[in-house]
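Note sheet for the following structure.
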Amino acid sequence: MTKTELKLWVASSPKVELHLHIEGSLEPDLMMALAEKHHLELPYANIEEVKNAYDFENLQSFLDLYYFGASVLKDEDDFYQLMWAYLLKCKDDNVVHVEIMFDPQTHTERGVGFDVFMPGFKRAMQQAEQEWGQSCLLIMCFLRHLTEQSAIETLNAATTYLDDIVAVGLDSGELGNPPEKFTEVFKMAKELGLKRVAHAGEEGPADYIWSALNALDVQRIDHGVRSIEDPELIAFLIQSQHPLTVCPLSNTKLKVFKHMQQHNVLQLLDLGLMATINADDPSYFGGYLNDNFFAVIDHLPVEKHHLQKLIENSFNASFMTTEHKIKWLDKIATY
Ligand code: HPA
Ligand code: ZN
């Protein structure tokens with residue numbers, strides 16, 4: 001198949017997305033509209049200037065703009081609009097199931113509580129489920145640059161919304177904030193019946209992936225591309241089949257890899273790790289899920305069987321029910 005044919009095939013296939021920060025899907029036009037609605041000053045005159053600012057050196061330079069951007073989200077309808085805009089992209093990209101991360105502390109720290117953002121998220125998710133059968137779950141992430149105590153307070157503040165949350169996650173600045181800093185709160189989350197995921201091995205070393213597995217007992221690793229530096233870890237991940245939620249455009253934008261041609265997702269897949277493709281923060285990194293597949297198709301020696309495996313992996317790696325999983329795996333097997 002030609003690259004064009006591979007792209008058409010991927011675009012029309014049903015897919016799953018497992019690593020998507022809802023705050024990272026805030027498009028410049030919605031950011032500007034919300035700033036105007038709430039009479040907030042932004043340091044950008046127009047959408048072009050916002051886009052030009054998205055030129056990052058590393059993870060931290062992105063996070064500074066990402067947390068700033070989220071400050072325009074203030075009332076229930078803002079969070080509804082944010083979620084609704086992303087779910088419309090899922091419909092366009094044939095993303096039939098999505099596990100969406102959100103960062104409560106980014107909002108609670110500026111006085112916007114669970115009773116504001118959760119009803120907004122839920123209203124959009126219910127509408128998408130009703131209108132076109134969109135399947136979605138929520139993952140609540142703790143900011144690792146803050147204390148474990150703050151994460152525990154966040155878990156406690158979520159008590160009345162636990163039925164709406166499938167898992168906890170760990171994001172923000174990785175270096176200097178190893179997973180084991182959050183051992184206690186992840187243990188509490190497990191006791192509450194929540195699944196666990198954590199960003200590890202994006203900028204941080206392979207040791208952080210071991211720590212996420214051993215101290216936090218995670219079901220999936222977000223990013224995990226630096227696992228390649230540790231042969232023992234690679235052997236473990238091949239055997240255990242812990243999924244990696246890899247984000248190609250994010251990794252090149254944040255200079256984890258200099259160029260897409262150097263990205264190791266195909267290498268990980270060919271070695272037998274359970275790699276998946278995801279968008280991370282699509283508004284900041286230049287593309288939604290299909291764009292991430294297209295970038296990989298453009299720059300790496302991808303064949304159709306790779307794409308089939310990546311898509312199948314994300315269904316298998318998801319937290320959807322077994323019944324739901326079997327139904328979709330049957331469907332994509334004949335696709
Ligand atoms: N890494 C860490 N924190 C994040 C990311 C990421 O890729 N995206 C949003 N928060
Ligand atoms: Zn991420």
Task: Selection count, segment 280-319, where residues are buried (at least 20 other Cβ atoms within 10 Å of the Cβ), outside any helix (DSSP H, G or I) and under 16 Å from the mean Cα position of the chain (by Cα) - done: 4
Task: For LYS258: the one exception among (1) out of contact with any Asp or Glu (no Cβ under 7 Å at 6 or more places or on another chain); (2) touching a residue at least 12 places away in the same chain (Cβ under 8 Å); (3) surrounded by fewer than 22 Cβ atoms within 10 Å (Cβ to Cβ) - done: (2)
- [ ] Mind counting the residues in segment 78-102 that are within 15 Å of ligand 1 (Cβ to nearest atom) and either in a strand (DSSP E or B) or among the β-branched types (Val, Ile, Thr) (or both)?
- [x] 4
Task: Condition broken by ASP64, with the remaining ones in (1) more than 30 Å from SER13 (Cα to Cα); (2) charged (D, E, K, R); (3) in contact (Cβ under 8 Å) with a residue 40 or more places away in the chain; (4) within 16 Å of ligand 2 (Cβ to nearest atom) satisfied - done: (3)
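On the basis of being of a type in the set (Gly, Ala, Ser), free of Cβ contacts under 8 Å to residues at least 24 places away in the same chain, within 27 Å of ALA189 (Cα to Cα) and more than 16 Å from ligand 1 (Cβ to nearest atom), does GLY111 make the cut? Walk me through it before giving the result.
Details: of a type in the set (Gly, Ala, Ser): yes; free of Cβ contacts under 8 Å to residues at least 24 places away in the same chain: yes; within 27 Å of ALA189 (Cα to Cα): yes; more than 16 Å from ligand 1 (Cβ to nearest atom): yes.
Yes: the conditions hold for GLY111.
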Open item on the list: Looking at segment 176-187, can you tell me whether even one residue there is closer than 18 Å to GLU99 by Cα and without any contact (Cβ under 8 Å) to a residue 60 or more places away in the chain?
Closed with: no
TODO: Kindly list, by first and then second residue, each pair from a residue in segment 196-224 that is among the aromatic types (Phe, Trp, Tyr) to a residue that is part of a helix (DSSP H, G or I), limited to pairs with Cβ atoms under 7 Å and residues at least 6 apart or on different chains.
DONE: TYR208/PRO179; TRP210/LEU233
Open item on the list: I'm checking my understanding of the structure. Among residues of segment 157-176 that are within 19 Å of the chain's Cα centre (by Cα) and surrounded by fewer than 23 Cβ atoms within 10 Å (Cβ to Cβ), which one is farthest from ligand 2 (Cβ to nearest atom)?
Closed with: ASP164
- [ ] Keeping to segment 193-239, report how many residues are within 16 Å of ligand 1 (Cβ to nearest atom) and among the small types (Gly, Ala, Ser).
- [x] 8
- [ ] Name the one entry in ASP93, ASP115, ASP103 that is charged (D, E, K, R), within 25 Å of ASN290 (Cβ to Cβ) and away from ligand 2 (no atom under 16 Å from the Cβ).
- [x] ASP93
Task: Selected residue (only one of GLN105, GLN60, GLN127 is out of contact with any Cys (no Cβ under 8 Å at 6 or more places or on another chain), in a helix (DSSP H, G or I), surrounded by 20 or more Cβ atoms within 10 Å (Cβ to Cβ) and not acidic (Asp, Glu)) - done: GLN105
Open item on the list: Is it the case, given these coordinates, that VAL197 is touching a Gly at 6+ places or on another chain (Cβ under 8 Å), within 23 Å of TYR288 (Cβ to Cβ) and not in a helix (DSSP H, G or I)?
Closed with: yes
Task: Within segment 4-54, tally of residues that are in a helix (DSSP H, G or I) and either modelled with pLDDT under 95 or more than 18 Å from the chain's Cα centre (by Cα) (or both) - done: 26
Open item on the list: Of the residues ILE209, ILE152, ILE139, only one is part of a helix (DSSP H, G or I) and under 24 Å from MET274 (Cβ atoms); which?
Closed with: ILE209
TODO: Go through (1) more than 14 Å from ligand 2 (Cβ to nearest atom); (2) surrounded by fewer than 24 Cβ atoms within 10 Å (Cβ to Cβ) and name the single condition LYS253 misses.
DONE: (1)
TODO: Keeping to segment 256-283, report how many residues are more than 16 Å from ligand 2 (Cβ to nearest atom) and among the charged types (D, E, K, R).
DONE: 2
Task: Some residue of segment 321-331 being surrounded by 17 or more Cβ atoms within 10 Å (Cβ to Cβ) and of a type in the set (A, V, I, L, M) - done: no
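Considering only residues that are in a helix (DSSP H, G or I) and more than 12 Å from ligand 1 (Cβ to nearest atom), which ones fall in segment 63-77?
Those that are in a helix (DSSP H, G or I) and more than 12 Å from ligand 1 (Cβ to nearest atom): PHE68, SER71, VAL72, GLU76, ASP77.
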Open item on the list: Looking at GLU27, GLU49, can you tell me which residue is more than 16 Å from ligand 2 (Cβ to nearest atom) and in contact with a Ser or Thr (Cβ under 6 Å, 6 or more places away or on another chain)?
Closed with: GLU27
TODO: Answer yes or no: is there a residue in segment 34-56 that is closer than 30 Å to GLN130 by Cβ and of a type in the set (A, V, I, L, M).
DONE: yes
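The values are calculated or read from the model by the stated rules, or taken from the named source; none is laboratory data. Please read these numbers as outputs of a predicted model, since none were measured by experiment. Virtual Cβ from ideal backbone geometry, glycine too; neighbours counted across all protein chains shown.
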